[in-house]
Amino acid sequence: MESQSFMLRDLPHEERPRERMMHYGAESLSQAELLAILLRTGTRRESAIHIAQQLLNKSGGLRGLADLSIEELTNIKGIGPAKAVQLKAGIELGRRMANSRLTEPVTIRCPQDAAEILTEQLRYLQKEHFVCLFLNTKNHVISQETLSMGSLNASIVHPREVFRAAMKCSSAAIICAHNHPSGDPTPSPEDIALTSRLIQAGEIVGIDVLDHLIIGDSRFISLKEKGYM
């Protein structure tokens with residue numbers, strides 16, 4: 001016989017996620033507790049925390065959660081369309097917050113500056129995304145665009161797509177970046193070959209390729225710093 005999960009109402013008032021967040025701050029809560037607050041309610045048999053933990057188990061953690069569609073979320077027992085939309089909205093707000101610094105002029109002086117813009121956007125994605133930062137003559141970021149979304153282990157982008165986007169926003173230089181879903185940012189031979197093609201194409205059209213960053217789970221690699229450019 002299946003044992004019944006505890007319900008939030010069974011917890012002492014001060015140990016419930018909302019109350020703990022109000023008293024101790026969001027950083028004191030576990031991932032499951034934060035998700036439970038977004039879910040708001042559980043089911044007759046399962047608490048919101050239990051459903052949140054199931055969600056984390058199914059997605060493999062926060063990294064995988066960002067890529068689950070509304071349809072995939074609603075396949076989890078206890079999550080209907082309304083809860084799925086709430087979760088997707090919370091994830092999207094987090095992504096937009098990570099990108100909000102681009103509303104103010106940002107100057108790229110070193111690879112770390114570019115990595116600070118892109119790491120939180122790319123590190124949790126389960127498919128490769130190829131992104132470009134477009135810079136003016138003062139190295140201010142004037143635009144950002146995702147130009148390709150690949151498979152689990154490959155991202156295909158053609159130089160013409162990159163430089164068409166660069167010319168559209170009158171960019172003087174670009175910084176390319178893509179994530180490695182494995183979490184290991186070590187460049188592959190394909191990464192190095194693509195970088196070489198982009199540099200050659202940039203020389204023809206007069207737009208500098210300043211760097212190509214590979215974003216891992218907790219670190220990044222600059223192909224410029226590693227001597228591949």
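The values are calculated or read from the model by the stated rules, or taken from the named source; none is laboratory data. The structure displayed is predicted, hence computed values, not measured ones. In case anyone asks, the SASA skips ligands and DNA or RNA and just uses the protein heavy atoms, side chains included. Shrake-Rupley method; radii C 1.70, N 1.55, O 1.52, S 1.80 Å.
Which links in K127/K224; K58/K127; K88/K224; K88/K138 stretch past 27 Å when you go from one Cα to the other?
Beyond 27 Å between Cα atoms: K88/K224; K88/K138.
Tell me the carbon and sulfur percent of the accessible area for the chain, rounded to whole percent, probe radius 1.4 Å.
Carbon and sulfur together cover 52 percent of it.
Whenever you get a sec, line up I51, I37, I142 from highest to lowest accessible area (probe 1.4 Å, protein heavy atoms).
Order by accessible area, largest first: I142, I37, I51.
Please state the relative contact order of the range 101-229 as a whole percent: Cα pairs under 8 Å, 6+ residues apart?
Relative contact order here is 26 percent.
For the range 68-187, report the accessible area per residue in Å² (1.4 Å probe, heavy atoms, rounded to an integer).
52
Per residue of the range 199-213, what does 6.51 cos²θ - 1.76 cosθ + 1.60 with θ = phi - 60° give for ³J(HN,Hα)? Whole Hz please, x for Gly and Pro, Karplus curve as stated.
Whole-Hz 3J(HN,Hα) from phi for the range 199-213: 4, 4, 5, x, 5, 5, 8, x, 10, 6, 9, 7, 6, 9, 9.
Could you pull the Rg and Dmax for the chain, using just the Cα atoms, both in Å?
21.2, 71
Could you tell me how many degrees, from 0 to 90 and to the nearest 10, lie between the Cα long axis of helix 81-99 and the main elongation axis, the longest principal axis, of the Cα atoms of the chain?
40
The range 68-96 to the range 187-229: how many Å between their Cα centroids?
Using only Cα atoms, the two centres lie 35 Å from each other.
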